[in-house]
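The values are calculated or read from the model by the stated rules, or taken from the named source; none is laboratory data. Quick caveat, the model's predicted, so the values are computed rather than measured. Cβ: placed from backbone, ideal geometry, glycine included. Neighbour counts: every protein chain shown. Side chains included, ligands, DNA and RNA excluded: accessible areas come from the protein's heavy atoms. Shrake-Rupley method; radii C 1.70, N 1.55, O 1.52, S 1.80 Å.
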Amino acid sequence: MATEANPYAMPSSSRTETVKNALSRWGRRVGEATKKAEDLSRNTWQHLRTAPSITEAAMGRIAQGTKVLAEGGHEKIFRQAFSAPSDEQLRKSYACYLSTSAGPVMGILYLSTARVAFCSDTPLSYEAGGGRKEWSYYKVAIPLHRLRSASPSASKQRPKEKFIQLVSVDRHEFWLMGFVNYDGAVEHLREALSGFHHLQV
């Protein structure tokens, strides 16, 4: 305790409060990190379950990661896939699935300064006429000025199954699911849409 002989000594209760505050801050950080780890684990499991085969989905993710490393990152892949001009910058990319009439297609959702785009991880086959099969990447690109909304939703029967519905101004709908980072995708899509519409006004 502070006395006339030593005015700098602190009472023990003050030290106890300092320790309690430090432990409380540490506990909050651990809680936040745990929640993020749980969300990542849950989202990754949901991502793998969305595919017809969990093994194929896992192998697909590994192949995509290898491709990203070999080709120099998501930015380069995005530019090649969508012939992006030099003034268009990639902001974020998210592993997910696009819902199609043939079932979910695994790929990457790209969010740039000019558009929202999806490209399948691998080429898909389609009938080219005359009984011939051809292969092509499944791509969707919506310029931000043509994007009306980006709405998060979840399955009523299975709340852990989360979706994002993109709607263009001419009412075309695209459903994305199985995100590895669902919350980040929702947040950045909303920011991009809000920022772009704000600039338009």
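Looking at (1) farther than 26 Å from GLN80 by Cα; (2) open to solvent by 50 Å² or more (accessible area, probe 1.4 Å); (3) touching a residue at least 24 places away in the same chain (Cβ under 8 Å), which is the one condition that is false for GLU161?
(2)
Tell me whether the range 178-201 contains one or more residues that are assigned to a strand (DSSP E or B) and open to solvent by less than 90 Å² (accessible area, probe 1.4 Å).
Going residue by residue through the range 178-201, those that are assigned to a strand (DSSP E or B) are none.
The answer is no, given that none of the residues of the range 178-201 is assigned to a strand (DSSP E or B) and open to solvent by less than 90 Å² (accessible area, probe 1.4 Å).
Give the number of residues within the range 92-148 that are part of a strand (DSSP E or B), in contact (Cβ under 8 Å) with a residue 60 or more places away in the chain and either polar (S, T, N, Q) or loosely packed, with under 14 Cβ neighbours inside 10 Å (or both).
Matching residues across the range 92-148 total 1.
Quick one: would you say TRP175 is in contact with a Pro (Cβ under 6 Å, 6 or more places away or on another chain), open to solvent by 30 Å² or more (accessible area, probe 1.4 Å) and assigned to a strand (DSSP E or B)? Let's see the steps before the verdict.
Values: in contact with a Pro (Cβ under 6 Å, 6 or more places away or on another chain): no; open to solvent by 30 Å² or more (accessible area, probe 1.4 Å): yes; assigned to a strand (DSSP E or B): yes.
Considered against the rule, which asks whether it is in contact with a Pro (Cβ under 6 Å, 6 or more places away or on another chain), open to solvent by 30 Å² or more (accessible area, probe 1.4 Å) and assigned to a strand (DSSP E or B), TRP175 comes out as no.
Just need a number here: residues in the range 105-131 that are modelled with pLDDT of 90 or more and not aliphatic (A, V, I, L, M).
Total satisfying the criteria: 8.
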